[in-house]
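Asker: There's a structure below that I have some questions on.
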Amino acid sequence: MKSLRELYKIGKGPSSSHTMGPQKAAKIFAERHTDAAAFEVTLYGSLAATGKGHMTDIAIEDVLNKIAKVNIIWKPEVFLEYHPNGMTFSSFNTNKEKDDEWTVFSIGGGALSEGKGEDDAFNTPERYEMNTMTEIMEWCCNNGRSYWEYVDICEDSDFWDYLMEVWKTMKEAVENGLNHEGRLPGPLNLMRKAPIYHVKASGYKQSLQSRGLVYAYALAVSEENASGGTIVTAPTCGACGVLPAVLYHSAKGHGFNDTRIIHAIATAGLIGNIVKQNASISGADVGCQGEVGVACAMASAAACQLFGGSPSQIEYAAEMGLEHHLGMTCDPVCGLVQIPCIERNAFAATRALDANLYAAFSDGNHRVSFDKVIDVMKQTGHDIPSLYKETSAGGLAKNF
């Protein structure tokens, strides 16, 4: 598996696959053609179907227009073989002749691939020798170690400084979201809810107040993302509110210090990385189960570790977090990361806390492993028709 730095990316929303990835690709292509007379970018499949709602065109134009005019072509009906989020960049000289063409895929979480396997330009060194939850859990049990300690062994020396920056960004996203009011961008005219939920939560008794605050924190980050604010992919922009909400709530409500929190972030990242390695975290590939479902699994594991869970209990919490999102479709209304995405983040955050509690009552033994659920999620995602995978052609997007 790759470094967790490739899972946790700090950047601007609203979409890691539809905004961050294409913008990164545009920057790479621009660096190759600083003297181009014109550009053409063809977007395919899911990237084209919901690209306008996700501001894909704006992300690309912001980069390429600094050099030359760019023409964007939308082909939502064409799905390239490697991944639904395909795009082809072309450059032209002063004689209007095409002098270069590059096809690349935005595969989720802001990551790019040329679809060339080992020869892919975006291949990076492997950091983790073990790629499944089962073998990592066995290593932890046999060596008396925690998941975060396995991460510590595999990552470089300044990794914890990077995770501290990740945690700082997550906290700022929560606090910025709580302090911003008004309308979110786009045709839905959706009002921000986080500040209202935060105020209302304070009026309830402790048990309901706790749940209300978690809602508010998840809404805050998701609304910041929807408005193009700075967030952390955890594992994606569309699911970026789940883990920060659980962590922020744990730090504020239970007094966990920063060291304990970044250890939990490392464990959560390991969970997300295992899914990314063995299945997908792309809504265009496997539906929302790969985004909000994986985010819930990550947050479930983080919470379970913070509250003293054993390696087997942490694995169980993660398994429940993902299992109970199996089959969840990705059907954003108007192609925006707003309905149903924002509410899903809030519900998944509270479900993560429930998964932790359920696992804590158990001894950690259960029949269906996290690795098995990953396999099922991958197969389920590939069985789901494309109209339910970030194309806004079915489900809520069609019937709204």
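The values are calculated or read from the model by the stated rules, or taken from the named source; none is laboratory data. Computed from a predicted model, the values in this text were never measured in an experiment. Positions of Cβ are backbone-derived with ideal geometry, glycine not excepted, and every protein chain shown enters the neighbour counts. Quick note on the areas: whole protein, heavy atoms, side chains included, nothing else; ligands and nucleic acids left out. Shrake-Rupley method; radii C 1.70, N 1.55, O 1.52, S 1.80 Å.
Asker: Just how large is the dipole of segment 146-220 about the Cα centre, in debye to the nearest 20, putting +1 at every Lys and Arg Cβ and -1 at every Asp and Glu Cβ?
Answerer: Details: 8 positive and 10 negative charges, 210 e Å.
It works out to roughly 1020 debye.
Asker: Take every DSSP beta bridge whose two residues both sit in the chain, then give the antiparallel share in percent to the nearest 5.
Answerer: Expressed as a percentage, antiparallel bridges in the chain total about 70.
Asker: Report Rg (one decimal) and Dmax (nearest whole number) for segment 275-334, counting Cα atoms only, units Å.
Answerer: 12.4, 43
Asker: Please list GLU81, GLU101, GLU31 from largest to smallest accessible area, probe radius 1.4 Å, with all protein chains kept in place.
Answerer: Final ranking, largest accessible area leading: GLU81, GLU31, GLU101.
Asker: Taking only Cα atoms, what is the 0 to 90° angle, nearest 10, from helix 370-383's long axis to the longest principal axis of the chain?
Answerer: The angle comes out at about 30 degrees.
Asker: Tell me, for the chain, which Cys residues have no other cysteine's C-beta sitting closer than 4.7 Å.
Answerer: Cysteines of the chain left without a disulfide-compatible partner: CYS140, CYS141, CYS154, CYS237, CYS240, CYS296, CYS304, CYS334, CYS341.
Asker: Here is a follow-up. With a 1.4 Å probe and every protein chain left in place, tell me how much accessible area LYS24 has, in Å² to the nearest 10.
Answerer: 80
Asker: Let me ask you something else. Please report, as a whole percent, how much of the solvent-accessible surface of the chain comes from carbon and sulfur atoms (probe radius 1.4 Å).
Answerer: 49
Asker: If you don't mind, there's one more thing I want to ask. Picking from GLY287, GLY182, GLY229, which is most flexible by a Gaussian network model of the chain using Cα springs under 10 Å?
Answerer: GLY182
Asker: Next question, about the same structure. Most mobile of ALA299, ALA218, ALA251 per a Gaussian network model of the chain (Cα springs, under 10 Å)?
Answerer: Greatest mean-square fluctuation among the candidates belongs to ALA251.
Asker: Another one. When every alpha-carbon pair in segment 299-388 is counted, what percent end up more than 16 Å apart?
Answerer: 58
Asker: Pull up the cross-link candidates among the aspartates and glutamates for LYS27, meaning alpha carbon to alpha carbon under 16 Å and not fewer than 8 places away within one chain.
Answerer: ASP35, GLU40, ASP57, GLU61, ASP62, ASP100, GLU101, GLU114
Asker: Right, something else. Determine which residues of segment 350-373 fall in the zone a paramagnetic label at SER207 would reach in this model, i.e. backbone nitrogen under 20 Å from the point 7 Å along Cα→Cβ.
Answerer: Zone members listed by number: 350-362.
Asker: Another question, if that's okay. Please work out how many pairs of lysine residues in segment 41-104 are eight or more positions apart (or on different chains) and have Cα atoms closer than 22 angstrom. Intermediate results must be reported in sequence, preceding the final value.
Answerer: Working: LYS52/LYS66; LYS52/LYS69; LYS52/LYS75; LYS66/LYS96; LYS66/LYS98; LYS69/LYS96; LYS69/LYS98; LYS75/LYS98.
Taking segment 41-104 as the scope, the lysine pair count is 8.
Asker: Just flag the trypsin sites (Lys or Arg not before Pro) in segment 197-233 sitting in loop per DSSP whose Cβ has no more than 16 other Cβ atoms within 10 Å.
Answerer: LYS205
Asker: Run the numbers on segment 305-400 and let me know its relative contact order in percent, using alpha-carbon pairs under 8 Å that are six or more apart.
Answerer: RCO, segment 305-400: 49 percent.
Asker: Write out the GluC sites (Glu not before Pro) in segment 124-228 meeting two conditions: DSSP loop, and at most 15 other Cβ atoms within 10 Å of their Cβ.
Answerer: Those satisfying the criteria are GLU126, GLU129, GLU181.
Asker: Per residue, how much accessible area does segment 168-323 show when a 1.4 Å probe rolls over the protein heavy atoms, in square angstrom?
Answerer: 31
Asker: In percent, how large is the relative contact order of segment 48-204, given Cα pairs closer than 8 Å and 6 or more residues apart?
Answerer: 9
Asker: Related question: Specify the angular offset, from 0 to 90 degrees and rounded to the nearest 10, of the alpha carbon long axis of helix 258-278 from the longest principal axis of the alpha carbons in the chain.
Answerer: Computed tilt is about 60 degrees.
Asker: Taking all pairs of distinct Cα atoms, average 1/r, flip it, and tell me the Kirkwood hydrodynamic radius of segment 232-388 in Å to one decimal place. Working shown, then result.
Answerer: On the way: mean 1/r = 0.0664 Å⁻¹.
So the Kirkwood estimate lands at 15.1 Å.
Asker: Can you pull the accessible area of VAL70 for me, 1.4 Å probe, Å² to the nearest 10?
Answerer: Its accessible surface works out to 20 Å², give or take rounding.
Asker: Quick check: with the 1.4 Å probe, what order do ARG183, ARG351 take by accessible area, largest first?
Answerer: ARG183, ARG351
Asker: Positive end of the dipole of the chain, charges at C-beta (+1 Lys, Arg; -1 Asp, Glu), about the Cα centre: which of TYR128, THR34, VAL292 has its Cα farthest in that direction?
Answerer: Farthest towards the positive end: VAL292.
Asker: Accessible area, 1.4 Å probe, largest first: how do ASP156, ASP331, ASP62 sort?
Answerer: The ordering from most to least exposed comes out as ASP62, ASP156, ASP331.
Asker: A further question follows. For HIS254, what accessible surface area do you get with a 1.4 Å probe? Give it in Å², rounded to 10.
Answerer: Estimated to the nearest 10 Å², HIS254 gives 100 Å².
Asker: Let me understand segment 1-71 better: what is its radius of gyration from the alpha carbons, and its Dmax, in angstrom?
Answerer: Over segment 1-71's Cα set, Rg and Dmax evaluate to 13.0, 40 Å.
Asker: Dimensions of segment 200-287 along principal axes (Cα, Å, largest first)?
Answerer: Principal extents (largest minus smallest coordinate, Cα): 42, 30, 22 Å.
Asker: Another question, if that's okay. Which of the listed residues, GLY45, THR391, CYS334, is farthest toward the dipole's positive end in the chain, when Lys, Arg count +1 and Asp, Glu count -1 at the beta-carbon?
Answerer: Ranked along the dipole, the leading option is CYS334.
Asker: When we measure straight from the Cα of LYS193, which lysines land under 22 angstrom away, once same-chain ones fewer than 8 places off are left out?
Answerer: List returned: LYS12, LYS171, LYS205, LYS252.
Asker: With N residues in the chain, what two-decimal value do you get for its Cα radius of gyration over 2.2 N^0.38 Å?
Answerer: 0.96
Asker: Moving to a separate point now. Determine one quarter of the surface area of the Cα convex hull of segment 149-189, which equals its mean projected area, and express it in nm² to one decimal. Can you show the working numbers first?
Answerer: Values: hull surface 18.9 nm².
Averaged projected area of segment 149-189's Cα convex hull equals 4.7 nm².
Asker: In deg cm²/dmol and to the nearest 500, what is the mean residue ellipticity at 222 nm of the chain if only DSSP H runs of at least 4 residues count, each as -39500 (n - 2.57), divided by the residue total? It would help to have the intermediate numbers written out before the result.
Answerer: Numbers: 16 runs with 200 residues, N = 400.
It lands at -15500 deg cm²/dmol.
Asker: Write down the radius of gyration of segment 324-377 and its Dmax, each obtained from C-alpha positions, in Å.
Answerer: Answer for segment 324-377, Rg first and Dmax second: 14.4, 45 Å.
Asker: For the chain, what does the relative contact order come out to in percent, with C-alpha contacts under 8 Å and a separation of six or more?
Answerer: Details: 868 pairs, mean separation 75.0, N = 400.
That works out to 19 percent.
Asker: What angle, in degrees between 0 and 90 and rounded to the nearest 10, separates the Cα long axis of helix 206-226 from the longest principal axis of the Cα atoms of the chain?
Answerer: Long axis of 206-226 versus the principal axis of the chain: about 10 degrees.
Asker: Would you calculate the separation in nanometres between label points at ILE196 and GLU138, each defined as 7 Å from the Cα along the Cα-to-beta-carbon direction?
Answerer: Rounded to a tenth, the inter-label distance reads 5.2 nm.
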